[in-house]
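Below is one structure, written out as structure tokens, with a few remarks after it.
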Amino acid sequence: MPHPDHSAPVRVTIIAPVVLGEQQLAPAPAVPGLIAEFRSLASGTASIESRWDDAFAVPGILDAAIRAEEAGAQAVVIDCMDDPGLDAAREVVRIPVIGPAQASMHLALTLADRFSIITTLTADIPVVRELVEHNRLAHRCASVRGLGLSPLDLHDDAAATLDAFVDAARAAVEIDGAAAIIAGCTQLSGRTEEVAARLADEGIEVPVIDPLAAALHHALTLVRLGISHSGVGYPAPAAKQITWPTAGMRFERSAG
């Protein structure tokens with residue numbers, strides 16, 4: 001990376017790994033010294049709730065990361081707590097690529113000995129556990145709990161979502177032994193301060209981490225330091241012909 005200019009704002013592209021319909025993403029947390037640009041995918045799913053969704057989003061994420069680097073972005077943040085395509089994106093660009101899950105888990109461990117992740121649907125819990133294990137942090141993860149809500153439903157009843165988040169966080173601390181809480185969906189950005197305040201009112205003082213904010217601050221730090229991911233750990237893929245079906249492409253799933 002070039003020598004950083006600390007007087008200039010840092011340009012970060014936030015890649016939403018979904019096709020946006022009527023629903024809108026939660027606004028990016030304001031980070032002083034950072035200019036954020038959102039990009040969503042031209043093809044893919046409406047939300048990330050499964051391994052299928054993760055896999056289907058990866059080609060679009062890689063394309064968006066390459067385009068962001070070519071357009072002058074200094075870092076990329078993948079706006080999803082599954083960190084889809086994170087390792088592959090680091091192979092195809094040299095600017096920092098940040099996954100909110102990885103960034104927030106490592107941040108949590110600078111603040112507490114064990115963390116819990118509060119994800120959305122119960123069905124997503126195995127995927128989150130796999131991600132924790134991929135980052136070799138299973139021994140520091142107290143639990144993964146679900147809200148029972150799809151990412152597409154988190155904003156339908158803000159009060160009910162907040163209550164469910166607080167209930168799950170309380171159980172993670174009191175039952176599972178967590179000392180820090182991570183919001184398990186970037187669509188919960190902006191709610192973490194409310195959750196922390198509600199818990200503090202009950203005498204439970206734990207950090208509640210906004211994963212998108214953690215990722216953006218991490219991106220800012222890496223750019224300011226003038227460092228990026230390892231080219232040895234994430235070597236650029238060899239040039240080769242790639243055939244990708246577009247016209248007439250079909251993906252089918254059985255009803256049962």
Inset, instruction - Search the stretch 2-13 for residues that are modelled with pLDDT under 90 and pair each with any residue that is open to solvent by less than 70 Å² (accessible area, probe 1.4 Å) and outside any strand (DSSP E or B) when their beta-carbon atoms are under 7 Å apart and the residues are at least 6 apart or on different chains. - result: HIS3/GLY226; PRO4/VAL223; PRO4/ARG224; PRO4/GLY226; HIS6/ARG224
Inset, instruction - Restricting attention to the stretch 141-150, report how many residues are touching a helix residue (DSSP H, G or I) at 6+ places or on another chain (Cβ under 8 Å) and either in contact (Cβ under 8 Å) with a residue 60 or more places away in the chain or surrounded by fewer than 17 Cβ atoms within 10 Å (Cβ to Cβ) (or both). - result: 1
Inset, instruction - Examine the stretch 188-208 for a residue that is within 18 Å of the chain's Cα centre (by Cα) and of a type in the set (Gly, Ala, Ser), and state whether such a residue exists. - result: yes
Inset, instruction - Could you tell me whether SER40 is in contact with a strand residue (DSSP E or B) (Cβ under 9 Å, 6 or more places away or on another chain), under 30 Å from GLU205 (Cβ atoms) and surrounded by 15 or more Cβ atoms within 10 Å (Cβ to Cβ)? - result: no
Inset, instruction - Go through the stretch 133-147 and give me each residue that's at pLDDT 95 or above and closer than 19 Å to LEU188 by Cα. - result: SER143, VAL144, ARG145
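Looking at the structure I just gave you, is LEU162 under 24 Å from ALA16 (Cβ atoms), of a type in the set (A, V, I, L, M, F, W, C) and modelled with pLDDT of 95 or more?
No: the conditions fail for LEU162.
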Legend entry - Failed item in (1) of a type outside the set (Phe, Trp, Tyr); (2) outside any helix (DSSP H, G or I); (3) without any contact (Cβ under 8 Å) to a residue 12 or more places away in the chain; (4) over 25 Å from GLU174 (Cβ atoms), with GLU130 passing the rest: (2)
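When the stretch 108-122 is examined, which residues are found to be surrounded by 23 or more Cβ atoms within 10 Å (Cβ to Cβ) and either among the hydrophobic types (A, V, I, L, M, F, W, C) or on the phi > 0 side of the Ramachandran plot (or both)? Show your work before the answer.
We begin by selecting, within the stretch 108-122, every residue surrounded by 23 or more Cβ atoms within 10 Å (Cβ to Cβ); these are 108, 115-120.
Matches in the stretch 108-122: ALA108, PHE115, ILE117, ILE118.
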Inset, instruction - Determine if the stretch 55-78 includes at least one residue that is among the charged types (D, E, K, R), within 16 Å of the chain's Cα centre (by Cα) and surrounded by 14 or more Cβ atoms within 10 Å (Cβ to Cβ). - result: no
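So in the stretch 79-107, with the set limited to residues that are in a helix (DSSP H, G or I) and among the small types (Gly, Ala, Ser), which one is surrounded by the fewest Cβ atoms within 10 Å (Cβ to Cβ)?
Residues of the stretch 79-107 in a helix (DSSP H, G or I): 86-92, 100-107.
Still in the running and among the small types (Gly, Ala, Ser): 88-89, 101, 103-104.
Values: ALA88: 16, ALA89: 28, ALA101: 27, ALA103: 24, SER104: 26.
Looking at the filtered set, the residue picked out is ALA88.
The values are calculated or read from the model by the stated rules, or taken from the named source; none is laboratory data. Computed from a predicted structure; not experimentally measured. Methodologically, a virtual Cβ is constructed for each residue, glycine included, from the backbone with ideal geometry; neighbour enumeration extends over all protein chains shown. For the accessible areas, the whole protein counts, side chains as well, though only heavy atoms, and no ligand, DNA or RNA atoms are used. Shrake-Rupley method; radii C 1.70, N 1.55, O 1.52, S 1.80 Å.
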